[in-house]
1. Starting from the Cα-Cα distance between Tyr45 and Val11, subtract it from 0.36 nm times their residue separation and give me the gain in nm to one decimal.
2. Tell me the relative contact order for region 112-209 as a rounded percent, counting alpha carbon contacts under 8 Å between residues six or more apart.
3. Using 0.36 nm per residue of separation minus the Cα-Cα distance, give me the extension gain between Asp108 and Glu124 in nm, one decimal.
4. Once you have a ≥ b ≥ c as the square roots of the Cα gyration tensor eigenvalues for region 129-229, tell me rounded if a/c is under 1.5, and otherwise prolate or oblate according to whether a/b is larger than b/c.
5. How much of the accessible area of region 152-209, probe 1.4 Å, is carbon plus sulfur, in whole percent?
Amino acid sequence: MKYFFLSYLFVIAIVVSAFGFRGSKSELPPLEIIPDMDQQAKVKYQASSEFFADGRGARLPVKGTLPMGFEVPAQPASATEIAKPARIAFTSGLGYYDTGKVGDFYGDGLPVEITNDKTVFNAEFIKRGEQRYNINCAICHGTSGNGKGVTSKYGILTSFNFQQAGNLDPANAAAYRADGAIFDVITHGKGLMGGYGGNITLRDRWAIVAYIRSLQIAAKESGATLPLQ
């Protein structure tokens, strides 16, 4: 037992001499047992680099590159015209277009370019919504919006079914989702679904909402005119 305690004290002495007491200060760099990739062989922002001829680490964007969320104006502003700033597609505004809410409640209606006829939507806008829906939503919600996408074959059975009875009746709380509510879920996610606010632009989110409505109308009304063929 005596030798056990002596060995124990000897180990403590070695540890303290090597690492110091907790809270002690040292001018030596810390000993990183698990560095977690803190030190990487990379060029950091605004740092110089001898790898490039101009000595700059940061490289200029490829010619013609546009920041995500901006579009080139159709025509240049004239000298007498006051240019309006481009609307950033990813925003944190408080209006209905940005949030899908009117005050504390979800709104209904699409604040985008569709016709007043409820059975005829803007063809280009719906096509855009179809494309974005198939890329981001169909894998869980299904191509028809019935909630039976590819993931349903692998145990995810909770995707919302936009085709259930009453899906166009605001009085049916179980089946109906307001336009603003759908937009909000796309933005922030719900349940197992993650938010797509950082991946899908504002206009594209509304395009997806419009496309979901077109799927519902097409399923319910045989006389609906949808430019999807």
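1. Gain in length upon complete extension: 7.8 nm.
2. Reported relative contact order: 24 percent.
3. So the extension gain works out to 3.6 nm.
4. Rounded shape, in that the Cα axes give a/c under 1.5.
5. With neighbouring chains kept in place, the figure for region 152-209 is 55 percent.
The values are calculated or read from the model by the stated rules, or taken from the named source; none is laboratory data. All values reported here derive from a predicted model rather than from experimental measurement. Side chains included, ligands, DNA and RNA excluded: accessible areas come from the protein's heavy atoms. Shrake-Rupley method; radii C 1.70, N 1.55, O 1.52, S 1.80 Å.
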